[in-house]
Amino acid sequence: MAAGAAAPDQDPGAAVPAARQTILVVEDEPALLRALRINLRARGYEAVTMQAGRPALEKATQRTPDAVILDLGLPDIDGIDLIRELRLVTSAPVIVLSGRTGPGDKIGALDAGADDYVTKPFSMEELLARLRAALRRDGPPPPARPVAIGRSAVDLAAHLATRDGQQVRLTPTEWRLLEILIRHPGQLVGGRRLLTEVWGPAYQDSTHYLRFHMAGLRRKLEDDPARPRHLLTEPGMGYRFQP
Ligand code: CA
């Protein structure tokens with residue numbers, strides 16, 4: 001008998017600690033829903049699976065999930081509308097699955113409040129990696145240790161940025177932007193979301209503010225501001241902090 005071939009069907013209640021993270025999965029395709037349920041449970045998550053949007057919304061209202069994985073094409077409600085409704089009841093990260101490939105759908109989903117986006121067909125490993133990244137933002141960190149941006153270091157806890165050991169002065173707006181991006185390492189953060197969180201809902205279309213202040217951050221922190229490697233623009237969608 002092969003060592004290490006752990007039985008996948010052990011009673012999970014016996015081995016897994018009580019505080020399992022709950023993932024609400026909304027997908028109307030039964031085979032995919034089943035694959036998601038199996039993979040999430042195999043990783044120790046509690047998977048709550050729903051085949052339609054309305055009942056999923058009801059579920060999320062009763063008991064807020066730790067994250068939501070959501071198909072955009074649902075039978076009873078438009079996926080984008082569902083994201084908006086979910087955002088009224090939970091701040092849990094939302095990862096969108098979609099067979100649609102137009103950039104308009106991505107922008108729509110991110111603007112509605114989704115945190116990330118995976119196009120079908122997708123690799124289960126990639127989806128799970130994105131889920132882990134999305135869940136990190138709700139965990140205890142802000143990163144306790146300074147984060148490296150080339151030769152610069154940013155310590156959110158100490159509110160200190162340095163470059164080659166010398167302090168770099170950031171404006172309050174630059175700090176707010178940087179903090180949101182660093183708290184979502186590797187994740188695309190939608191432009192509207194940044195504008196809303198930093199300036200307020202009335203500024204959702206003021207993308208020039210973002211361009212201006214992101215340019216300032218790159219100039220102060222990136223080794224080569226013209227070719228940034230950490231503070232990245234996703235054209236038409238938002239920004240990403242790449243550790
Ligand atoms: Ca579907």
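Numbers at a glance
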item: Among (1) within 16 Å of the ligand (Cβ to nearest atom); (2) part of a helix (DSSP H, G or I); (3) in contact with a Leu (Cβ under 6 Å, 6 or more places away or on another chain) - the single one Val96 does not satisfy; result: (2)
item: Test: residue in the stretch 68-78 that is in contact (Cβ under 8 Å) with a residue 12 or more places away in the chain and more than 14 Å from the ligand (Cβ to nearest atom); result: yes
item: Residue within the stretch 120-137 that is among the hydroxyl-bearing types (Ser, Thr, Tyr) and in the same structural domain as Glu222 (by TED's automatic domain parsing) present; result: no
item: Conditions (1) surrounded by fewer than 17 Cβ atoms within 10 Å (Cβ to Cβ); (2) more than 15 Å from the ligand (Cβ to nearest atom); (3) farther than 18 Å from Leu40 by Cα; (4) free of Cβ contacts under 8 Å to residues at least 24 places away in the same chain: number failed by Ala148; result: (4)
item: Selected residue (only one of Leu86, Leu36, Leu40 is within 15 Å of the ligand (Cβ to nearest atom), outside the structural domain of Glu197 (by TED's automatic domain parsing) and part of a helix (DSSP H, G or I)); result: Leu36
item: Residues satisfying the stated conditions in the stretch 193-222, i.e. touching a strand residue (DSSP E or B) at 6+ places or on another chain (Cβ under 8 Å), touching a residue at least 24 places away in the same chain (Cβ under 8 Å) and either over 25 Å from Arg132 (Cα atoms) or hydroxyl-bearing (Ser, Thr, Tyr) (or both); result: Leu210, Met214, Leu217, Lys220, Leu221, Glu222
item: Residues of the stretch 19-33 satisfying the condition of being within 14 Å of the ligand (Cβ to nearest atom), in contact with a helix residue (DSSP H, G or I) (Cβ under 6 Å, 6 or more places away or on another chain) and of a type outside the set (D, E, K, R); result: Val25, Val26
item: Thr162 vs. criteria touching a strand residue (DSSP E or B) at 6+ places or on another chain (Cβ under 8 Å) and free of Cβ contacts under 8 Å to residues at least 40 places away in the same chain; result: yes
item: Residues of the stretch 43-67 classified as more than 19 Å from Pro93 (Cβ to Cβ) and within 16 Å of the ligand (Cβ to nearest atom), total; result: 4
item: Positions within the stretch 43-81 being in a loop (DSSP other than H, G, I, E, B), closer than 23 Å to Arg137 by Cα and among the charged types (D, E, K, R), in sequence order; result: Arg43, Arg63, Asp66
item: Single unsatisfied condition, Gly190 versus (1) free of Cβ contacts under 8 Å to residues at least 60 places away in the same chain; (2) touching a strand residue (DSSP E or B) at 6+ places or on another chain (Cβ under 7 Å); (3) within 17 Å of Asp116 (Cα to Cα); result: (1)
item: Every residue from the stretch 95-122 that is hydroxyl-bearing (Ser, Thr, Tyr) and surrounded by fewer than 19 Cβ atoms within 10 Å (Cβ to Cβ); result: Thr101, Thr119
item: Evaluation of Glu125 against (1) charged (D, E, K, R); (2) within 16 Å of the chain's Cα centre (by Cα); (3) surrounded by 14 or more Cβ atoms within 10 Å (Cβ to Cβ) (one fails), failing number; result: (3)
item: Residues located in the stretch 223-243, provided they are charged (D, E, K, R) and either under 14 Å from Val189 (Cβ atoms) or touching a Lys or Arg at 6+ places or on another chain (Cβ under 8 Å) (or both); result: Asp223, Glu234, Arg240
item: Pick from the stretch 196-213, criterion within 12 Å of Arg176 (Cβ to Cβ) and modelled with pLDDT of 85 or more, ranking: nearest to the chain's Cα centre (by Cα); result: Leu210
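The values are calculated or read from the model by the stated rules, or taken from the named source; none is laboratory data. Computed from a predicted model, the values in this text were never measured in an experiment. So basically every Cβ, Gly included, is an ideal-geometry build from the backbone, and we count neighbours across all protein chains shown.
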